[in-house]
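Could you have a look at this structure, given as structure tokens, before my questions?
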Amino acid sequence: MEKKILIVGTGLAGLSSAVRLVNQGYKVEMVEKYHQPGGRLNQLKASGYTFDLAPTFFSMSYEFNELLRDCNIKPLFEFQELNPLYHVFFRDTKKQYQLFREPEKLAEQFNEIEPNFEQNFKNYIEGAGELFHDTIDRIVKRNFNNFYSYVWAMMHVPPKHLPKLFRTFWQELEKHFTSNEVKEILSLVAFFLGGTPFNTPAIYTLLSYTEFIHDGYHNVKGGMYNIVEGLVNYLTEKGVAFHYNTEIVGYHTNKNQQLEYLTDTQEKKWLADLFVINSDAAHFRGSVFQRTAFTEPKLDKMQWTMAPFTIYVGVEGKLDKLGQHNYFLGNNFKEYANKVYTENFETDKPYYYVNIPSKNNTDAAPADGEALFFLCPVPDLRMRPDWSNKEQFADAIINDFEEITGYQIKSKIRTLTIIAPDQWETSFNLYKGSGLGLGHSLKQIAWFRPKNHDEKFANVFYTGASTIPGTGLPMAMISAKLTVEQILKNYGSLS
């Protein structure tokens, strides 16, 4: 008997869920608010330049390979391993560092400011590696059917990791390193979660192991959007229909009080047997299903990830002294990080990341130019609702970039696009412009995160950043697998 599944949202978790579901015999249809697929894993083209819209690299590449292997699919895109992982520039000292994966090369970078770096790093990374292997299958890559199963799983995590539940990422680094520069650089991975090292639990130091030792970071040859195009092409061949510029805003239940159809802004009915929501799992419950546990006042009290302020610049000329992935830091790291979550955030001396995709992908820019993507973490719209000064803020970032690097790019700009948090919110339904959904406090991880099976409608499931296990591209892949496991548990395979 045929069963139709409607997937709302074409982010990586939605697309990965669709791939798994069509291979289990389900008929899949997808709707998307944006004008093209990918969610935040998207692409911008302007005046001959091509930019990754948000994610520019990823770890745990084997999660992609697992999807292809599980569904017997030939490779759809080609990975490119990064080494060095990224470059870090300090504004005031003018120091530059390259983050190599090899400990001895890292030691060469840091021995002047951290004389025992190699041994300290070994001790730090061994603990991070043990934590990763002791939790990735027990806690991260699994569904919990009830609270007791979560407690039981936690009881089987070696107790030596327990103190990291009560320390911050920064406090864990302080146990191993003395140099602020080393601690700031190694804590950048906390920002990849949309938090800061001062509000991210120390359990996430396991990410240091994934970036330096376990699998490193990767790009995709030809640009990150090749992931989306590869998955969409495969799904199209399998008969999956895609509908863009379609925002879901309402719903209707049947006589059994199960979801019968969703409605869009044009009042069109989208019927299906089952529904997978790749829109934000917390926000959707509140805005569409009108759940009392997810009203705006309650959502506002939750911890959300920082908002992105992004600039996409195509310039004339080459920037040979820069890497593909670059971080620019100042001298007030803790003060700056703490202000990112307040209305007192200042925009005169920003911290930011610059991706130069044309370093890896020659098609990203003309032969005589470079494509630059700036990302600056900023407060979400709860703290800073007005972004009418976005041009001035973008100008301050570019001025700072010129000052630090010595490259005078403003006079050579051929195209410039700014996306402030308010536009991120409206384009992708990101709650209050939060870039990566719900944050990762202890009250918002694993069992405590919004569930991937709806609490009221048996035929509704969720996948993506704000459900389990969390944010990031590999977590989206894992989320899709866990969501499909729930569907198969309840409805079985049809193949």
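Using the C-alpha gyration tensor of segment 150-282, what are the square roots of 5 times its eigenvalues, in whole angstrom, with the largest one first?
On the way: eigenvalues 348, 105, 46 Å².
Square roots of five times the eigenvalues give 42, 23, 15 Å.
May I ask for the percentage of alpha-carbon pairs in segment 316-393 that lie more than 22 Å from each other?
Everything past 22 Å amounts to 39 percent.
Another question, then. State the answer as a single residue: which of His440, Leu416, Gln96 lies farthest towards the positive end of the charge dipole of the chain, with beta carbon charges of +1 for Lys and Arg and -1 for Asp and Glu, about the Cα centre.
His440
Hey, with R₀ at 22 Å, roughly what FRET efficiency would Ala458 and Glu247 work out to, going by the Cβ-Cβ distance, to 0.05?
With R0 = 22 Å, the Cβ-Cβ based efficiency is 0.30.
Return the FRET efficiency for the residue pair Glu346, Glu403: r is the Cβ-Cβ distance, R0 is 22 Å, and the value is rounded to the nearest 0.05.
For Glu346 and Glu403, the calculated efficiency is 0.85.
What is the dipole size for the chain, taken about its Cα centre, with +1 at each Lys and Arg Cβ and -1 at each Asp and Glu Cβ, in debye to the nearest 20?
Numbers: 51 positive and 57 negative charges, 279 e Å.
Dipole about the Cα centre, nearest 20: 1340 debye.
Given a cut-off of under 8 Å on Cα pairs at least six residues apart, what relative contact order in percent is computed for segment 56-105?
Relative contact order for segment 56-105 comes out at 24 percent.
Do me a favour and compute the ellipsoid semi-axes for segment 292-345 from its Cα gyration tensor, root of five times each eigenvalue, largest one first, whole Å. Walk me through the intermediate numbers first.
On the way: eigenvalues 237, 58, 17 Å².
Equivalent-ellipsoid dimensions as semi-axes: 34, 17, 9 Å.
On to the next question. Glu267 versus Asp320, label points 7 Å from Cα toward the beta carbon: distance in nm?
Going by the 7 Å Cα→Cβ label model, 6.4 nm.
For Lys410, give me every one of the lysines with a C-alpha distance below 22 angstrom, ignoring sequence neighbours fewer than eight places off in its own chain.
Lys45, Lys94, Lys318, Lys321, Lys349, Lys359, Lys390
Still on this structure, I have one more. Please state the relative contact order of the chain as a whole percent: Cα pairs under 8 Å, 6+ residues apart?
For the chain, the relative contact order is 24 percent.
Given points 7 Å out from each Cα along the Cα-Cβ axis, report the Lys94 to Gln119 separation in nanometres with one decimal.
Going from the Lys94 label point to the Gln119 one covers 3.4 nm.
Rounding to the nearest 20 debye, state how big the charge dipole of segment 307-431 is about its Cα centre with +1 on each Lys and Arg Cβ and -1 on each Asp and Glu Cβ.
Here the size comes out at about 220 debye.
Based solely on its DSSP helices, what 222 nm [θ] is calculated for the chain when runs of n ≥ 4 H residues each add -39,500 (n - 2.57) and the sum is averaged over all residues, nearest 500 deg cm²/dmol?
-9000 deg cm²/dmol
Still on this model: Can you list the lysines whose alpha carbon is less than 16 Å from that of Lys27, not counting same-chain residues fewer than 8 positions off?
Partners found: Lys3, Lys4, Lys238.
Note down the magnitude of the dipole of segment 102-215 about its Cα centre, charges +1 on Lys and Arg C-beta and -1 on Asp and Glu C-beta and zero elsewhere, to the nearest 20 debye.
Result for segment 102-215 is approximately 740 debye, rounded to the nearest 20.
Go through Trp152, His133, Pro115 and say which Cα lies farthest out towards the positive end of the charge dipole of segment 102-215; charges sit on Cβ, +1 for Lys and Arg, -1 for Asp and Glu.
Trp152
What ranking, highest mean first, results for peptides 225-236, 105-116 when packing means the other Cβ atoms within 10 Å averaged over each residue? Can you show the working numbers first?
Working: 225-236: 19.2, 105-116: 16.5.
Ranked from most to least packed, the peptides come out as 225-236, 105-116.
Return the FRET efficiency for the residue pair Ser493, His133: r is the Cβ-Cβ distance, R0 is 30 Å, and the value is rounded to the nearest 0.05.
On the way: r = 30 Å, r/R0 = 1.02.
The calculated FRET efficiency here is 0.50.
Per the Kirkwood formula on distinct C-alpha pairs, the Rh of segment 102-215 is how many angstrom?
Its Kirkwood hydrodynamic radius stands at 14.9 Å.
Then there's this: Go through segment 404-409 residue by residue and turn each phi into a ³J(HN,Hα) via Karplus (6.51, -1.76, 1.60, θ = phi - 60°); whole Hz please, and just put x for glycine and proline.
So the Karplus estimates, Gly and Pro as x, are 6, 8, x, 8, 8, 9 Hz.
Sketch the reach of a paramagnetic label on Glu174 as a point 7 Å from Cα along Cα-to-Cβ, and name the residues of segment 422-442 whose backbone nitrogen lies under 20 Å away.
441-442
Does anything in segment 264-279 have its amide N under 13 Å from the 7 Å Cα→Cβ label point of Met1, and if so which residues?
Only 273-274 pass the distance filter.
Could you tally up the Lys pairs in segment 102-215 with alpha carbons closer than 21 Å? Skip any pair fewer than 8 positions apart unless they're on separate chains.
Close lysine pairs found across segment 102-215: 12.
So for segment 102-215, averaging the separation of alpha carbon pairs under 8 Å that are six or more residues apart and normalising by length, what relative contact order in percent results?
Once normalised by length, the contact order is 32 percent.
Another question, then. Can you check how the C-alpha radius of gyration of the chain compares to 2.2 N^0.38 Å, as a plain ratio?
Dividing the Cα Rg of the chain by 2.2 N^0.38 Å gives 0.96.
Separate question: So between Asn83 and Met154, what do we pick up on full extension, going 0.36 nm a residue minus the alpha carbon distance?
22.1 nm
Computed from the coordinates by the stated procedures, all read-outs in this text should not be read as laboratory data. Here the structure is a predicted model, which means the values were calculated and not measured. Glycine gets a Cβ as well: all are built from the backbone with ideal geometry, and neighbour counts include every protein chain shown.
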